[in-house]
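Here is the structure we will look at.
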Amino acid sequence: MARQEKLYQAVIDGNRENVKKLVKQSLDQNIGIEPLLYDSMIPAMREMGERFSRSEIFVPQMLISARAMQAGLTILGPILAQSEREAPLKVAIGTVKDDLHDIGKNLVAIMLKGAGYEVIDLGTNCSIEKYDEAVEQGVNIIMCSALLTTTRDYIKKVVEHYNDNNAIKVIVGGAPIDQKFADSVGADGYGKDANEAVKIVEQITATQ
Ligand code: B12
């Protein structure tokens, strides 16, 4: 599927209204949600990150694009989250301590809801205590998102915290995380995107 140039540009420009309009238009034209996300909206966020790295833009521009992206997700979310499953299995997801990035986490949460899971969204800046609160509510899959190389090390602490409890599985993801990192900290699973996140949760719940 080709990139929807106008949508891509609207996310880059941080034009919320245009993003919403173009997402609605694309859905009316039966363009699938996944191509919209993976060929247009996510690449636009990646491009913003690259411009930031080259000091061509600064935090406010990244933030404005992020808000436009979130505006698009408010339309796509409810469609993606429709599910038929009757007795949902519970998972908890949060962005780790000191990290405020939440678009990827939100997307993973939406896709999991769509796959029939009950998702406890712990938000951003999640400490171990917050994950523990979810465990107290009966969750046994903890999902950690990290977007900064400085915060991903907190994932190691979360994994170590649950090391002695075989019933709790920790799944990790986010831009600076890969399978090698996940293996090195002893995580139970890794997903490079929201689709893989759902697959790994399905694999783990199938064996529980
Ligand atoms: C938008 C953005 C922001 C926004 C965030 C708004 C928000 N509400 O999220 C704002 C402006 C606040 C921001 C702030 C900062 N940011 Co920023 N930001 C980005 C940007 C451009 C896009 C991130 C994004 O939303 N991508 C789109 C989503 C859909 O992708 P994703 O998050 O990777 O998620 C996917 C997968 O990773 C995976 N996934 C994600 N989580 C999980 C979890 C699990 C369990 C699984 C299985 C999978 C999974 O599935 C998702 C869907 O496919 C990135 C660039 C980039 N390439 O990532 C920089 C980037 C992450 N930011 C960066 C930096 C440096 C910062 C700041 C430190 C800047 C500053 N000087 O203040 C601050 C830090 C604030 C903090 N304490 O968190 C750097 C990080 C560099 C590094 N190596 O650590 C990046 C890479 C930009 C760059 N190239 O330099 N940022």
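Computed from the Kirkwood radius of its Cα pairs, the Stokes-Einstein diffusion coefficient for region 7-60 at 20 °C and 1.002 mPa s stands at 184 µm²/s. For the pair region 85-150 and region 1-68, the centres of their Cα atoms are 24 angstrom apart. A Stokes-Einstein calculation at 25 °C with viscosity 0.890 mPa s, built on the Kirkwood radius of the chain over Cα pairs, returns a diffusion coefficient of 140 µm²/s. Note down the nm distance, to one decimal, between modelled labels 7 Å out along Cα→Cβ at residue 20 and at residue 52. Output for this residue pair reads 2.4 nm.
For region 91-206, the square roots a ≥ b ≥ c of the C-alpha gyration tensor eigenvalues yield an a/c under 1.5, which makes the shape rounded.
Taking 30 Å as the limit for the C-alpha separation, the pairs 113/157; 21/130; 6/97; 157/199 exceed it in the case of 21/130; 6/97.
Remark: the Cα gyration tensor places region 99-141 in the oblate category, a/c being 1.5 or greater and a/b not exceeding b/c.
Values quoted throughout were computed directly from the atomic coordinates according to the rules given, and no laboratory measurement underlies them. A quick note: this is a predicted structure, and the numbers were derived from the prediction, not measured. Using ideal geometry, Cβ is built from the backbone for each residue, glycine included, and neighbour counts are taken over all protein chains shown.
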